[in-house]
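Visitor: Following this message is one structure expressed as structure tokens.
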Amino acid sequence: HAKDSGRGMHVFYAPGMEGQPAALLRQEHLLREAVLRQSFVLHYQPQVKVEGGQLHGFEALVRWQHPGQGLVGPDEFVALAESRGLITPIGRWVLREACRQLKAWHDAGLPRVPVAVNLSAIEFRQRDVVADIARVLHECDLPAQYLEVEITESALMQQVEQTRETLDGLQALGVAVAVDDFGTGYSSLAYLKRYPLNKIKVDRSFVADTPGDSDDVAIVTAVVQLARSLQLQSVAEGVETPEQLALLRRLGCDLAQGYGIARPMDATQAEQWLRALPG
Ligand code: C2E
Ligand code: MG
Ligand code: MG
Ligand code: MG
């Protein structure tokens, strides 16, 4: 009984306050069940060429099919999954599902475009991550050139030697690597020359207030130029307006992604984008 328990326990029993801990425990329990039942779904957000506007590929974004809350976005469960040891099985499902879907589109004769998958720092730091990815590609019979991985800067900042090995391994496999949310982490620019990388994704926080905010325009300009100088592709995130897209075109940014172009969509809708591609 609540009465008998220690002071701390009252937090759990107080009326109207079956607050944080209990709610979190319940969410964790539901997330564990979701992992067992694979109650997730991938949405796909188009990435288009800034020049010309045609589809380049998709970013796969995970959603949890929550029993009571409908589709729940990753910002609401990835941190919990990471702290409870659940991100690895979820990430593996994401990888497998993205590759399976891509292969199905190939088999249906649709145009072949790459899909980018987000890797959490925890997944990226696992010693066998390259072997895992290679195995999934092999099992799905999917050529590596159609898979990309997105990794945040902070994940690249730790354990230099292992990071290099992993990135070399991905490069050897033929899987492209994008630095996600570029400019938002604690990082040193030195890693850009130290590691084999393919893309820089300009974080949407820098894109949001362009072209009106001259500081943000300066930052986006610098990142796009940096990418070009290092012979990396530049991708702008969170493009919502035609004015933002026009700026990116002036700057020579390679790819753009955002609600102003297309929202993340389910596989059926993404397939319509593929059908609309020429050839
Ligand atoms: P991210 O990789 O930076 O993905 C972009 C996020 O921005 C997505 O949110 C996308 O829906 C959203 N977005 C795209 N365009 C716009 C726009 O124009 N305006 C605004 N306001 N937002 C836009 P989402 O799907 O909620 O994903 C959030 C984050 O969760 C992702 O950020 C990524 O870091 C993480 N995530 C997503 N899927 C996975 C996954 O399979 N595994 C892991 N470990 N993390 C994932
Ligand atoms: Mg991403
Ligand atoms: Mg991003
Ligand atoms: Mg971002």
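Here, each number is a calculation from the coordinates, and none is a lab measurement. Because the structure is a prediction, the values reported are computed rather than measured. A quick note on method: Cβ atoms are made from the backbone with ideal geometry, for glycine too, and the neighbour counts reach across all protein chains shown.
Visitor: Sort out for me the Cα centre separation of segment 141-197 from segment 251-265, rounded to whole Å.
Guide: For segment 141-197 versus segment 251-265, the Cα centre distance is 21 Å.
Visitor: Going by alpha carbons, how many degrees (0 to 90, nearest 10) lie between the helix axis of 20-37 and the longest principal axis of the chain?
Guide: The helix 20-37 is inclined about 60 degrees to the chain.
Visitor: Comparing Gln54, Gln45, Gln257, which has the greatest mean-square fluctuation in the GNM of the chain with Cα pairs linked when under 10 Å apart?
Guide: Looking only at Gln54, Gln45, Gln257, the biggest GNM fluctuation is shown by Gln54.
Visitor: If you don't mind, there's one more thing I want to ask. Just to confirm my numbers, what's the Cα centroid distance between segment 92-119 and segment 205-225 in Å?
Guide: What the calculation gives is 32 Å, centre to centre.
Visitor: Let me ask something else. Which far-off residues, 5 or more places away or on another chain, put their amide H under 5 Å from the one on Gly57, with H placed in the peptide plane?
Guide: Correct list: Gln47.
Visitor: Tell me, what is a quarter of the convex hull surface for the C-alpha atoms of the chain, in nm² with one decimal?
Guide: Mean projected area of the Cα convex hull: 17.9 nm².
Visitor: If amide hydrogens are placed 1.01 Å from N in the peptide plane, which non-local residues have theirs closer than 5 Å to the one on Thr152?
Guide: Asp180
Visitor: How far is helix 242-251 tilted off the main Cα axis of the chain, in degrees rounded to 10, range 0 to 90?
Guide: That helix lies at roughly 50 degrees to the long axis.
Visitor: Checking the a/c ratio against 1.5 first, then a/b against b/c, what shape does the Cα gyration tensor give for segment 59-177?
Guide: Note, shape of segment 59-177 comes out oblate.
Visitor: Shape of segment 187-279 from its Cα gyration tensor (a ≥ b ≥ c, root eigenvalues): rounded if a/c is under 1.5, otherwise prolate when a/b > b/c, or oblate?
Guide: Working: a/c = 2.15, a/b = 1.37, b/c = 1.57.
Since a/c reaches 1.5 but b/c is at least a/b, the shape of segment 187-279 is classed as oblate.
Visitor: Starting at the first residue of segment 186-196, write each ³J(HN,Hα) from the Karplus equation 6.51 cos²θ - 1.76 cosθ + 1.60 with θ = phi - 60°, in whole Hz, x for Gly and Pro.
Guide: 7, 7, 10, 5, 4, 5, 5, 8, 6, 10, x
Visitor: What is the antiparallel percent of DSSP beta bridges lying wholly in the chain, to the nearest 5?
Guide: Details: 15 of 36 bridges.
In the chain, approximately 40 percent of DSSP beta bridges are antiparallel ones.
Visitor: What is the ratio of the Cα radius of gyration of segment 121-266 to 2.2 N^0.38 Å, with N the residue count, to two decimals?
Guide: That ratio works out to 1.10.
Visitor: May I pose another question? Which of the cysteines in the chain are isolated, no other cysteine C-beta under 4.7 Å?
Guide: For the chain, the answer is Cys253, because their Cβ atoms have no other cysteine Cβ under 4.7 Å.
Visitor: Would you calculate, for the chain, the mean residue ellipticity at 222 nm contributed by helices, counting each DSSP H stretch of 4 or more residues as -39,500 (n - 2.57) and dividing by all residues, to the nearest 500?
Guide: On the way: 13 runs with 129 residues, N = 279.
Mean residue ellipticity at 222 nm (helix-derived): -13500 deg cm²/dmol.
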